[in-house]
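Undergrad: Here it is, the structure in full.
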């Protein structure tokens, strides 16, 4: 894999140096239930500082994906306060929610690639949504695709990509616009350990350039390689370990 893509230069600190005066996310006593069932998330109160890096972990079924969906504003909490980028999301209309989501990159386990678009077009989609001209981003998209090992697959449609290739395309799409907040759900789950470490380096470099990163994973070995904050879900409650 080659390529010269860089996430840009910034003055953000590294993994442990949180600029605590800036809070991108604030949850206060948040609860979530589906339908009439029991709460699967209970009394969540935590802060996500700007420029921070953290792992979100917990056993299968603990609610990691549901919490990421709350952070991405694709779910509304059953109760409690969610404040994102300084705004109480319960007071926002659909257009305002859509504007906030443009500042968030997300990688979900089902990838959400558009089957009628090529790999290149999927990765470039955030720029198209912004209304940018292709000439202003084409080189950047190509460089990133090469960096994640998809340089030869730029014109391929998602249905013919392997699971690992789809995952890399989804990651590239999530990071290409250098969002303020990046959410990744098991982003190394479909790749080999070597490529997994390379993708983690991508997230770390993005974090150093100013993006707050939350990576959901159950891979203890992976987390032990990095001195990062941990958000641990257990029986519907969140415990934060600095």
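Undergrad: State whether the residues of region 162-174 include one that is over 30 Å from residue 47 (Cα atoms), out of contact with any helix residue (DSSP H, G or I) (no Cβ under 7 Å at 6 or more places or on another chain), modelled with pLDDT of 90 or more and outside any helix (DSSP H, G or I). Can you show your working first?
TA: Taking region 162-174 and keeping what is over 30 Å from residue 47 (Cα atoms), we get 162-166.
Now restrict to residues that are out of contact with any helix residue (DSSP H, G or I) (no Cβ under 7 Å at 6 or more places or on another chain): 162-165.
Subset that is modelled with pLDDT of 90 or more: 162, 165.
Now drop any that are not outside any helix (DSSP H, G or I), which leaves 162.
Scanning region 162-174, I find at least one residue that is over 30 Å from residue 47 (Cα atoms), out of contact with any helix residue (DSSP H, G or I) (no Cβ under 7 Å at 6 or more places or on another chain), modelled with pLDDT of 90 or more and outside any helix (DSSP H, G or I), so the answer is yes.
Undergrad: Please state which one of 85, 111 is modelled with pLDDT under 95 and in contact with a helix residue (DSSP H, G or I) (Cβ under 9 Å, 6 or more places away or on another chain). Walk me through how you get there before you give the answer.
TA: Numbers: 85 fails: modelled with pLDDT under 95.
Within the list 85, 111, the selection yields 111.
Undergrad: Let me ask you something else. Filter region 120-133 for residues that are surrounded by 11 or more Cβ atoms within 10 Å (Cβ to Cβ) and more than 19 Å from the chain's Cα centre (by Cα); which is farthest from residue 158 (Cα to Cα)?
TA: This residue is 132.
Undergrad: Out of 226, 241, 137, I need the residue that is at negative phi, surrounded by fewer than 18 Cβ atoms within 10 Å (Cβ to Cβ) and at pLDDT 90 or above. Which one?
TA: Working: 226 fails: at pLDDT 90 or above; 137 fails: surrounded by fewer than 18 Cβ atoms within 10 Å (Cβ to Cβ).
Going through 226, 241, 137 in turn, just one is at negative phi, surrounded by fewer than 18 Cβ atoms within 10 Å (Cβ to Cβ) and at pLDDT 90 or above: 241.
Undergrad: Could you identify the single residue in 171, 215, 220 that is over 26 Å from residue 137 (Cα atoms) and touching a strand residue (DSSP E or B) at 6+ places or on another chain (Cβ under 6 Å)?
TA: Working: 171 fails: over 26 Å from residue 137 (Cα atoms); 220 fails: touching a strand residue (DSSP E or B) at 6+ places or on another chain (Cβ under 6 Å).
Result: 215 is the single residue among 171, 215, 220 that is over 26 Å from residue 137 (Cα atoms) and touching a strand residue (DSSP E or B) at 6+ places or on another chain (Cβ under 6 Å).
Undergrad: For region 140-153, which positions are crowded, with 17+ Cβ neighbours inside 10 Å and either touching a strand residue (DSSP E or B) at 6+ places or on another chain (Cβ under 7 Å) or not in a helix (DSSP H, G or I) (or both)?
TA: Within region 140-153, 148, 149, 150, 153 meet the criteria.
Undergrad: Collect the residues in region 210-229 that are farther than 18 Å from residue 109 by Cα and more than 15 Å from the chain's Cα centre (by Cα), keeping them in residue-number order.
TA: In the first step, residues of region 210-229 are kept if they are farther than 18 Å from residue 109 by Cα; the result is 210-212, 220-221, 223-229.
Matches in region 210-229: 220, 221, 223, 224, 225, 226, 227, 228, 229.
A quick yes/no check of all residues on (1) without any contact (Cβ under 8 Å) to a residue 60 or more places away in the chain; (2) farther than 15 Å from residue 111 by Cα:
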site	(1), (2)
131	yes, yes
134	yes, yes
141	yes, yes
144	no, yes
148	no, yes
154	yes, yes
158	yes, no
168	yes, no
173	no, no
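Undergrad: Only residues that are touching a helix residue (DSSP H, G or I) at 6+ places or on another chain (Cβ under 7 Å) and under 13 Å from residue 64 (Cβ atoms): list them for region 185-213, please.
TA: 185, 187
Undergrad: Only residues that are touching a strand residue (DSSP E or B) at 6+ places or on another chain (Cβ under 7 Å) and in a loop (DSSP other than H, G, I, E, B): list them for region 94-124, please. Write out each step before concluding.
TA: Of all residues in region 94-124, those touching a strand residue (DSSP E or B) at 6+ places or on another chain (Cβ under 7 Å) come to 100, 103-109.
The answer is 103, 108, 109.
Undergrad: Of all residues being surrounded by fewer than 22 Cβ atoms within 10 Å (Cβ to Cβ) and in a strand (DSSP E or B) in region 56-93, which is nearest to the chain's Cα centre (by Cα)? Just the residue, please.
TA: Only one residue fits best here, namely 57.
The values are calculated or read from the model by the stated rules, or taken from the named source; none is laboratory data. Just so it is clear, the structure is predicted and the values come from calculations on it, not from any experiment. With ideal geometry, Cβ positions are generated from the backbone for all residues, glycine too; neighbour counts draw on all protein chains shown.
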